[in-house]
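Encoded as structure tokens, the structure appears first; notes follow it.
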């Protein structure tokens, strides 16, 4: 989305942890330009959850959905040039944001509220590579410094 991630985070912070209905009302009456596309994205997430409950057979109660995670990360930047005095050019960057919203479902089991992620796949954590052992550049040097002397020729 063509908006600065910092500006998008201002609006996303308003809806984190809220029920979906409250978040949609908040976005409707927020006077920021980025609120309208975030509203559209949130409605899309709710429709995806509704699709999962009806078509895929997952047990999702749309009335108990809340905004579990709302993140705006840096996207690609467009580099632009602005004319400056004396024929110079100043460079500036137009920032873009990747906006991500995850919905969860609040359930009442044994009096404690639990949250489950709706429609998000879990990935296995990546394996870390073993640290490499430090080796010297040449075998057998073991930290000895070799000095090279320059031979100078004297001419008469």
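None of the figures in this text is laboratory data; all of them are computed from the coordinates on show. In this text, all values refer to a predicted model and were calculated from it rather than measured experimentally. All Cβ positions, even for glycine, are placed from backbone atoms using ideal geometry, and neighbour counts span all protein chains on display.
The combined condition, being surrounded by 10 or more Cβ atoms within 10 Å (Cβ to Cβ) and in contact (Cβ under 8 Å) with a residue 60 or more places away in the chain, is not fulfilled by residue 70. Name every residue in the range 12-47 that is surrounded by 14 or more Cβ atoms within 10 Å (Cβ to Cβ), farther than 12 Å from residue 67 by Cβ and touching a residue at least 24 places away in the same chain (Cβ under 8 Å), in order of residue number. Selection gives 32, 34, 35, 37. Does the range 79-92 hold any residues that are exposed (fewer than 10 other Cβ atoms within 10 Å of the Cβ) and either at positive phi or in contact (Cβ under 8 Å) with a residue 12 or more places away in the chain (or both), and which are they? Across the range 79-92, the qualifying residues are 79, 86, 87, 91.
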